[in-house]
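The values are calculated or read from the model by the stated rules, or taken from the named source; none is laboratory data. Keep in mind that this is a model prediction, so the values were computed, not measured. So basically every Cβ, Gly included, is an ideal-geometry build from the backbone, and we count neighbours across all protein chains shown. Note: accessible area is taken over every heavy atom of the protein model, side chains too, but ligands, DNA and RNA are not part of it. Shrake-Rupley method; radii C 1.70, N 1.55, O 1.52, S 1.80 Å.
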Amino acid sequence: MTRNEAISTHRNQRHGKVLACFPMQYPRELLTALNILAVEVWGPPDVTPTHEMARIQAYVCPIVRHSMEFLASKEASQLDGILFPHTCDSLQGLATVLTDFGPWDKPVFHFTHPKGPLDSPRRTFLRKEFQHLATQLEEWTGETLTLEKLRDAIALHNHLDSLRGTLLEPTGQTLGPLQYELLRRGEFQWPQTWLEEIQEALAGVSVDVSKEAKEGGPARLLVSGIVPEPQGIFEALRQAGAIPVADDYAAIGRRICHVENLPDDPFDALMARYEALPPCPTRGASVDRRIGWLLERARSAKAEAVLLHNITFCEPEMFDLPHIRRELAAQGLPVLYMETELGGELSGQLATRLEAFVEMVLDARRKG
Amino acid sequence: MMLRRMQYEFMKNAGGTFLTGLQRYQAFKKRGKRGARPPFGPPLESVERLKEIMTRYYFTGRYADGAVPVAWVTSGFPSEALVALGYHLVYPENHAALCGARRKGGKMCGAAEEFGYPRDICSYVRTDLGSLLSKKTPVGRLPKPDLLCCCTNICQTVLYWYRALAKHLDVPLVIIDTPFIYGEAPTHHLEYVRGQLDQFIEVAERIGGKKLSPEHFVDTVKKAQRASSLWGECLATGKAKPSPWSAIDSFFHIAPVVTIRGSDECVDYYQMLLNELTERARKGVGAIDNERHRLLWDNLPIWFLVRDLALATAERGFQFVCATYSNAWAEAGSQIDPSTPLDSTARTYTSVYLNRDLDNRTRSLIQLARDFDADGAVLHSDRSCKPYSVGQVDVRNRLMEEEGIRAMLLEADHNDERSFSKEQALTRLQAFMEAFDE
């Protein structure tokens, strides 16, 4: 199902509103409970630049520049509103340019993350922020958010995350372009539909990971970054002789937050799921926590190396880079850092760097 | 500790006084040689006092760690409680700007890049981290902090920056998170900031080993407010024609309100500066000889270019009379209410210029241009400062189309001279100025 089909199905069959949601973390459970389809905007990669994109300087992240173009295009007219989580300075800038200088004239909502460790003031704030957004969305949709509806939506997303986690599990299937396509389809699909598709995919064949590494299979990588664009990255990895076995992309693995026993109060449950999120610099997690998380993911997936794949000009990711590189290397995990634009093909230069890196990893494996 | 404290106090008083005396003597000798300096007007007398204050501040800092608690603080951090608790404060942004103005920014950025920080990170950060990693600074030495204090009201970059500092220095980090304001701040956002202030004070007390005296705190808040108000009055003298000083001057004279606000020395300094500026305005003494056009500056200064910029504009009779950057420090101060110090601090520090939506900021910028009768504007499109720069294309268009103010975007970087072509920038500026006389 394409993005446009998902929107059209939602309108015609569920008669709900469609909300464009910006990266990266937002309480999607609230939207589902209020029959709002979340359509995430990670660029998109394939826009044709006009004067709209030129309103944002070239040294700003391409997600923001592409989004500016997209939201000024005809295609954006099928969206009923926008939700801006407070992720970084550039997205914050986009939010205010779009609404204060146009062309966006439909409703805009904001969700502010508490930055830093979730201590008492931050917990209080987060809960109020959930409630504040819920009230605004209720007014917008005319729907009433009952505790039951919210509880059901939270349970659905929690289950979804559990399945997404399984799909990304190192002992399950290795991650290829098809798995990523499925995982990213959730950026616009109605959660129940997405869940069914993931269930179906999980019924597929699994691979014995430890065996594969021993038998000289492809190099096993932990991948981290913002968003896996351009999508050719996975094919390039495959051609280079590597596969992702663990994922910390902000668009994918870094948003999975399954909680075993959800609290009964839905807002407590939202809080619990938020707390279970993997560490991310955009929410102010410490560098050590991030490194600890990456190490744990790499170990449990038996990853042999790490690919840090950033989008150009994405500042939050850049700050952790030297520390991640040093500390993971000290633990025997070589790290390759690469930056890409959103659209187009992966450059030959980057493909060559990937090949050289994978060769080095495989060589190290051979030498034991 | 005791010995270190005695050394600190001695350096603060005797050592600092000796050094500033020496500096005054050197300045006197230099002034004797310098004479007239067209196209600029007579230099501000207060500059010498400014140099004394900043020299003493950095000199004393060399002896601060181990003597008094030391905090490294973002420029927008509500630092009044730290001052009242006797902390010595270091402002890495101010230090980075100083490095930039001395054209050492690029070299220090290079040191951070060698460590692995990418070149697209803000150049203040790279300058500061480069200085830390290379152990090089034009101020001799910065004291090691006991506490890192970061407030996100100026950007989110400071959050990543201070996380990195905490990692390098293994020092506790306090984050005051100020939600960005779209329109009006919801009540729970202000309550959130207020709650963090309480928590921050507890941490600062514990690390500083001292309880915050409410009287002392209020007194510090009053002094900070007074200094900000005086700073605002100083800036307002620029409305006179000719302007008695330039916005470029203000980029340097802003240093005390950033670094030592809350002190008597800061208040006294701005009173002195105000007296001098008022007198110059009364006598019609301008910052440049022949003020023909009045410009507004938007965004951070290009620290390594300020002198060239001042000269290039002054030679053609153009004068920067106001700047959103300098003005931000005056706007905030006036909102602090010493009768409700914590509540008003939360409100004030949340609603600083850069933490407000573009509509709000544009109105403020236009008001500034009107108040100072600016007929042109230079918007520094700063690749190192996204929150300040995103939206400038639209702001420029609005200035031109709705206000009839000629405006240009000047793409540069505030601290890294390597990311910049001086000739290209000055040529663009020349072309912009020529258009005024067509």
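The figures follow:
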| read-out | value |
| --- | --- |
| The range A:111-186: GluC sites (Glu not before Pro) in DSSP coil with no more than 16 other Cβ atoms inside 10 Å | A:Glu143 |
| Whichever lysines have a C-alpha closer than 19 Å to that of A:Lys17, once near sequence neighbours (fewer than 8 apart) are set aside | A:Lys74, A:Lys106, A:Lys149 |
| Solvent accessible area, Å² - A:Asp288, 1.4 Å probe, full protein context | 90 |
| Accessible area of chain B belonging to carbon and sulfur atoms, whole % at 1.4 Å probe | 52 |
| Contact surface B-A: accessible area buried, both sides summed, square angstrom, 1.4 angstrom probe | 4500 |
| 5 angstrom amide H check on A:Cys21, placed H, neighbours 5+ away | A:Val39, A:Glu40, A:Val41, A:Leu83 |
| Complex-versus-alone comparison for the range A:52-90, residues with a loss of 20 Å² or more in accessible area, probe 1.4 Å | A:Arg55, A:Gln57, A:Tyr59, A:Val60, A:His86, A:Asp89, A:Ser90 |
| DSSP-defined antiparallel bridges as percent of all bridges, chain B, nearest 5 | 5 |
| Vicinal HN-Hα couplings computed from phi for the range B:408-416 (Karplus, 6.51 cos²θ - 1.76 cosθ + 1.60; Hz; Gly/Pro x) | 9, 9, 10, 7, 7, 9, 6, 9, 9 |
| Expected 222 nm ellipticity per residue - DSSP helices of 4 or more, -39500 (n - 2.57), all of the protein assembly as shown, to 500 | -16500 deg cm²/dmol |
| Rounded to the nearest 20 debye, dipole of the range B:2-437 from Cβ charges on Lys, Arg, Asp, Glu | 1760 |
| Rounded percent of accessible protein surface that carbon and sulfur make up, the range A:207-367, 1.4 Å probe | 49 |
| Check: chain A dipole with +1 on Lys, Arg Cβ and -1 on Asp, Glu Cβ, in debye | 620 |
| Choice from B:Gly183, B:Gly238, B:Gly262 showing the highest fluctuation, given a GNM over chain B with Cα pairs closer than 10 Å | B:Gly183 |
| Threshold 40 Å² - residues in the range A:290-332 whose accessible area is reduced by that much or more when the chain is no longer isolated, probe 1.4 Å | A:Phe313, A:Glu315, A:Met318, A:Phe319, A:Pro322, A:His323, A:Arg326 |
| Mean separation of Cα contacts under 8 Å, 6 or more apart, over the residue count of chain B: relative contact order % | 18 |
| Residues of the protein assembly as shown: accessible area per residue with a 1.4 Å probe, Å² | 38 |
| Residue pairs, from the table A:Lys115/B:Lys12; B:Lys107/B:Lys422; B:Lys104/B:Lys241, whose Cα atoms sit over 28 Å apart | A:Lys115/B:Lys12; B:Lys104/B:Lys241 |
| Solvent-accessible area lost in complex, 50 Å² minimum, residues of the range B:376-424 relative to chain alone, 1.4 Å | B:Lys386, B:Val390, B:Val393, B:Asp394 |
| The range A:3-148 - percent of accessible surface contributed by carbon and sulfur, probe 1.4 Å | 50 |
| Karplus-derived 3J(HN,Hα), 6.51/-1.76/1.60, for each residue of the range B:40-45, Hz, glycine and proline x | 8, x, x, x, 6, 5 |
| Euclidean distance between Cα centres, the range A:134-152 to the range B:154-194, Å | 30 |
| Residues whose placed amide H lies under 5 Å from that of B:Gln156, excluding near-sequence neighbours | A:Asp89 |
| 3J(HN,Hα) from dihedral phi, the range B:110-123, Karplus parametrisation 6.51/-1.76/1.60, rounded to Hz, x for glycine, proline | x, 5, 5, 5, 4, 6, x, 6, x, 5, 7, 6, 2, 6 |
| For the range B:365-413 and the range A:317-357, distance of Cα centres in Å | 37 |
